[in-house]
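Worksheet: the structure to be examined is printed underneath.
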């Protein structure tokens, strides 16, 4: 069983807002096959375990319930490795300006 | 789930009225006509008032930068004597890093003035960060509802960055998987909190952009001695084109051509879970601009104050690969890491400059901050991960969701003109479809439709007759 996460810890919860059969009529077929899922962050309102129901207090002061999914969730977006197809553009256009005497 | 989907959607009108504090029915003048100018004017925000409000939160007064090296590059590939001067309005200098601060500023000011406890916005883009930033300054609480990840839990990197930015400004961010029911969740939030709906499509949001058009007209006149020949705005929901064009007109730049530019995402479905992460662009694309130009009243308020078809002289598309290419050029030739949004316009400007004489002036009316997630590297790495082919080649071979083709040479960049007559016809068809059963268009509606499409009454009548089979 997962360890208990302490009250006031910054966490993320997840919950299903609409099951596939509750989705809006205009939703395309591939989207209709999956539920509408919500994720929100806040401070734990009471001790809880990962994977179990929990209540949070959000930055706006709202209380939201859902399954405790992450503790201190990370920002993982970044840049990734350079893209070779972009790497030569700078040299190419600078050489064109060099011909015009506008670039060393 | 707070309440059932159908139940909340049935309360839509009441929730909206309470959350924007505007009674839109007051402005209705016909079966579908409404008094657009009166709706805007009644807010009390003329351009001087908007400028004062924005000045108090350091919004606006952004630099106008001449892109001398990109202009030279355009001249290097243009016919002799061609290659207009290209300028950019560096809107990244706004507090949260984009022109969206202008849109958020009047909404948040109005929310505070009316005594709302907080503001909420349904947006996955820069606008969320702008509302959160303005709310922080105003001491109001803020909730931003985003469409953020697909059913596999893969976040669109640009939206992940907006999540981080909104949270950095102290906002609550509700992240949702793909689907138009975001609007349902947003209504639940408004109903529960009683917050102000800082919609992108209220009069406040549009009037806040007028200062951008006004400023750039004055700045070009100061720097170059006359008004710009062309202003290009990246086009999605229509606010950018609408507000900028109105501001230009108020500055007296009535001869300036207003061009809307979008990234071509044809073939991708905007509500598709599968397509969500295959767009490589989150805004400024045809997935928004086509439906919103041909029927603006699909927004989250009863009447959209962004009505782009009234203001655009020309509407062009560029490809994904062309925008990534010009983004690199902007960084490497001008020392400006910006975008993605404004770079859609920049790609178009690079092409359109080659159509004009060298003494002409083209202005790209926005930049936005770039960074982790918002960068071509993040988008192209995700595209590759999802099996999209990324190559150098002829941009005409670009296929949204399948193949991103980055031009091999600047001479390959091109724009594709959208047939405005077709767009106007589509708008009028949507208008007729929106009529309740048995409802007839009357005089005021024909005049309204002519204003909406920048045409004449007989043009509207011809299309209405065509639709009704009376040619």
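Read-outs throughout are calculated quantities, based only on the coordinates presented, and are distinct from any laboratory measurement. Just so it is clear, the structure is predicted and the values come from calculations on it, not from any experiment. Ideal geometry is used to build each Cβ from the backbone, glycine not excepted, and the neighbour counts take in all protein chains shown.
How many percent of DSSP beta bridges within the protein assembly as shown run antiparallel, rounded to 5?
If we restrict to bridges inside the protein assembly as shown, about 50 percent are antiparallel.
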* Asked: Just the C-alpha atoms of the range B:254-353: what Rg/Rh do they give, with Rh taken as the Kirkwood radius?
  -> 1.00
* To do: For a quick protection proxy, order the peptides B:182-191, B:358-367 by their average other-Cβ count within 10 Å, most packed first.
  => B:358-367, B:182-191
* Neighbouring partner chain Cβ atoms per residue of B:148-160, average, 10 Å criterion -> 3
* Using just the C-alpha positions of the range B:348-404 as equal point scatterers, what log10 of I(q)/I(0) does the Debye formula give at each q in 0.26 1/Å? -> -1.00
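In units of 2.2 N^0.38 Å, what is the alpha-carbon radius of gyration of chain B?
Numbers: Rg = 21.4 Å, N = 471, 2.2 N^0.38 = 22.8 Å.
My calculation over the Cα atoms of chain B gives 0.94.
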* Between residue A:72 and residue B:192, what FRET efficiency comes out of the Förster formula 1/(1 + (r/R0)^6) with R0 = 25 Å and r the beta carbon distance, rounded to 0.05? -> 0.40
* Taking other Cβ within 10 Å of each residue's Cβ, how do B:204, B:311 sort, fewest first? -> B:311, B:204
* Average other protein chain Cβ within 10 Å of Cβ, residues B:262-275 -> 2
* Structure fact -> For the range B:420-467 the mean separation of alpha carbon contacts under 8 Å (6+ apart) over residue count, i.e. relative contact order in percent, is 43 percent
* To do: Could you line up A:87, B:96 from fewest to most neighbouring Cβ atoms inside 10 Å?
  => A:87, B:96
* Structure fact -> In deg cm²/dmol, rounded to the nearest 500, the helical mean residue ellipticity at 222 nm of chain B, built from -39500 (n - 2.57) for every DSSP H run of length 4 or more, is -13500 deg cm²/dmol
* Structure fact -> Partner shielding of A:33-43, as the mean number of partner chain Cβ atoms within 10 Å, equals 6
* **Computed FRET value (nearest 0.05) for residue B:389 with residue B:409, which takes r as the C-beta separation and R₀ as 22 Å** => 0.65
* Of the DSSP beta bridges with both residues in the range B:68-189, give the percent that are antiparallel, rounding to the nearest 5. => 10 percent
* Asked: Relative contact order, percent, of the range B:339-439 when contacts are C-alpha pairs under 8 Å separated by at least 6 residues?
  -> 21 percent
* Structure fact -> Here the percent of antiparallel bridges among DSSP beta bridges lying wholly in chain B, to the nearest 5, is 20 percent
* Structure fact -> Per 5 angstrom bin, beginning at 0 and ending with the bin that holds the maximum distance, the Cα pairs of chain A fall in percents of 2, 11, 14, 11, 9, 9, 9, 6, 6, 6, 7, 6, 3, 1
* Asked: When you count, for each residue, the other Cβ atoms within 10 Å and take the mean per peptide, how do A:33-44, A:62-73 rank with the highest first?
  -> A:33-44, A:62-73
* Structure fact -> Rounded to a whole number, the Stokes-Einstein D of the range B:87-190 in µm²/s (Kirkwood radius over Cα pairs; 37 °C; 0.692 mPa s) is 237 µm²/s
* What fraction of the Cα pairs in the protein assembly as shown, stated in percent, has a spacing above 30 angstrom? -> 51 percent
* Measuring from centroid to centroid over Cα atoms, what is the spacing of the range B:18-59 and the range A:72-104 in Å? -> 43 Å
* To do: Evaluate the relative contact order of chain B (contact order divided by residue number), counting alpha-carbon pairs under 8 angstrom at least 6 apart; express in whole percent.
  => 19 percent
* **Inter-label distance, nm, simple model (7 Å from Cα along the C-beta direction), residue B:439/residue B:417** => 3.5 nm
* Asked: So if R0 is 60 Å, what FRET efficiency would residue B:468 and residue A:49 give, r being the distance between their Cβ atoms, rounded to the nearest 0.05?
  -> 0.40
* Structure fact -> Ordering B:105-112, B:236-243 by per-residue average of other C-beta atoms within 10 angstrom, highest first, gives B:236-243, B:105-112
* Asked: So how do B:369, A:75 line up by other beta-carbon neighbours within 10 Å, fewest first?
  -> A:75, B:369
* Structure fact -> Here the range B:420-467 gives, from Cα atoms, an Rg and Dmax in Å of 9.9, 30
* **Estimated distance in nm for a label pair at residue A:1 and residue A:102, the labels positioned 7 Å out from Cα along Cα-to-Cβ** => 7.1 nm
* Structure fact -> Check: C-alpha center the range B:396-428 vs C-alpha center the range B:326-389, spacing in Å is 15 Å
* Would you please state the base-10 log of I(q)/I(0) at q = 0.21, 0.23 1/Å for the range A:1-50, with intensities from the Debye formula using one equal scatterer on every alpha carbon? => -0.73, -0.78
